[in-house]
Every structure is written in C-alpha cells, then in structure tokens.
1. Taking R0 as 45 Å, what's the FRET efficiency between Met98 and Ser145 from their Cβ-Cβ distance, rounded to 0.05?
2. Hey, if you put +1 on the Cβ of every Lys and Arg and -1 on every Asp and Glu Cβ in the chain, which of Thr172, Val234, Leu158 ends up farthest toward the positive end of that dipole?
3. Taking the Cα centre of the range 157-249 as the origin, how large is its charge dipole in debye, to the nearest 20, when only Lys and Arg (+1) and Asp and Glu (-1) carry charge on their Cβ atoms?
4. So, R0 is 22 Å and r is the distance between the beta-carbons of Ala191 and Asp56; what FRET efficiency does that work out to, to 0.05?
5. State whether the range 47-88 is rounded, prolate or oblate according to the following rule on the C-alpha gyration tensor (a ≥ b ≥ c being the square roots of its eigenvalues): a/c under 1.5 gives rounded; otherwise a/b larger than b/c gives prolate, and the remaining case gives oblate.
6. Springs between alpha-carbon atoms under 10 Å, Gaussian network over the chain: tell me which of Val224, Val143, Val186 tops the mean-square fluctuations.
7. Report the residue, chosen from Thr161, Thr51, Thr72, that carries the largest GNM mean-square fluctuation when the chain is represented by alpha-carbon nodes joined by springs under 10 Å.
8. Normalising by the residue count of the range 91-223, find the relative contact order in percent from Cα pairs under 8 Å and 6+ residues apart.
Amino acid sequence: MLNLIYCELLKLKRSKILIISIIGVMATPCMMLAETLQTHFENPELAVTLTNIYSDSLLYIMILINMIIYVTITSYLFSREYTENSIKTILPIPVSRMAFITGKFIVLYLWSVMLTLVTWMGILIFSGLYHAVIGMDGFLFTVISEWLCKFLMGNTLLYLTITPFAFIAEKTKGMVAPMIASAVIVMGSAAILNHDIGALYPWTATCLIMEGRIQSTGYPDFLVSGIIVVVSVVGFLITFQHFKKEDIK
C-alpha cells in the first residue's frame, strides 16, 4: 500500500495539475483580500477581524472554488490510467484492485489536505499583510490555530462528498462527465444554500455544518450527518465494485 501511495505521489510530482490546483485554490485567499479591501474603502468605520475573513471564505471553500478543484483532481486521479493508456501495464502487477483504488483515495485525501493548508495559509498571509498596513482586530494565534482545525474538519467533510465523482470518472474514463456533474452540483448548492432544505443536500450541508447553521434549519444533526456519510459510503462502494468487476480491454 505504501508503495502504491508513493508511486501516485511521484506521478503527481511530475504532473502540471499539482501546480495548477495550488494556483486554483489561491483564488479563495485573493477573493477574500479583494472583499476585505472593498469593505475597508467603502465602509472604513467597520472593524475587520480575522475570524470574519476565515468565516466568509467558507462559501468559496465548501461550495464554490475548492469544491470544483477537488472534483477536478478526483477526476484526474481516477481516469488518468485510462486517458494515458497505462491501465494495461499497471493491472498485471501483483497488487489487488482494491488496494489500487484505496491508494488513490488516500492520495486524494492527502492532496485535499495539502490544498486546504495552502488555502488557510494564503488567507493568513494576505490577512497579515492587511494587518501590517491597515490594521485588523483579532489577529491572534488562538484564532489562527482554531481556524486551522476548522479548515481541516471542513476538508474532511468535503472529501466525503466527492467520492461519487471518483465513480463517474472511472465509469466514463475521463474528466468531462465529472466536471459537468460538479457544475450542476455547485449550481444546486448556490440555489438552496440559504433555504432550510439545503441541510438535506450533502454538498450544501457541509457548508452549513461549518457555519453552525444546521440547528436553524430545523433538521436534526444526525440526519444531516447521516446523509453525508451515506453519500460517501455509496461513492466508495460503487467505485470499488465497478473497478473490481471491470474487464480491461
């Protein structure tokens, strides 16, 4: 298993998509800096806090920018052997298909954690520059560390909801279908985010959990969490099952 993970990481090291994904998630810190500067110049009397900046970034991380990027890297990981025609040379290696797919899911999680840390650090750096030049309330180590933990928790929730896209990428042997599906998901999330029913939509529920808004929707926490877990487990199972049964031609 460790060798499989190491090989996947080596492939990523040589791939341009790693750099592209890092640049992509940096859009969130840039957006937050732009919004903060706009707020300062339009309403200079309003106090800007680090907590508010991190909190406002959840929309971009959980529903918009990072969601799309995570689906992109999921599609890349699970369709690469097909698009590069290397699947026939990989499968004869004495490694079980389950271990092969498990290794990809582990690499996907590690990759998502890395991108989450990049996003968190990017916001911290831009906020630090804003604090040094203009000034910011609540720029404290306790706030910084607290939001690091929250971001990692949010990353895990987001990771759980993208497993079905691995199946779509594997089934279609490409990146187009998962990207189209993610666009539909994101549009749906944006449409129902501010409605109570959003708690039952797993890709919106993750954001509501991070924002602490589940109770205000009237739905119990166990139901919301259960839906996310079911979506994740189904995504894992159908991906494993499809790859296990598929005949490589």
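The values are calculated or read from the model by the stated rules, or taken from the named source; none is laboratory data. Everything numeric here is computed off the predicted structure, so don't read it as measured data. As a convention, Cβ positions derive from the backbone with ideal geometry for all residues, glycine included, and neighbour counts pool all protein chains shown. With ligands, DNA and RNA removed, areas are computed over all heavy atoms of the protein, side chains included. Shrake-Rupley method; radii C 1.70, N 1.55, O 1.52, S 1.80 Å.
1. 0.75
2. My answer, from the dipole projection, is Thr172.
3. Using only the charged Cβ atoms, the result is roughly 340 debye.
4. Calculated transfer efficiency: 0.65.
5. Prolate.
6. Val143
7. Thr51
8. Contact order relative to length: 18 percent.
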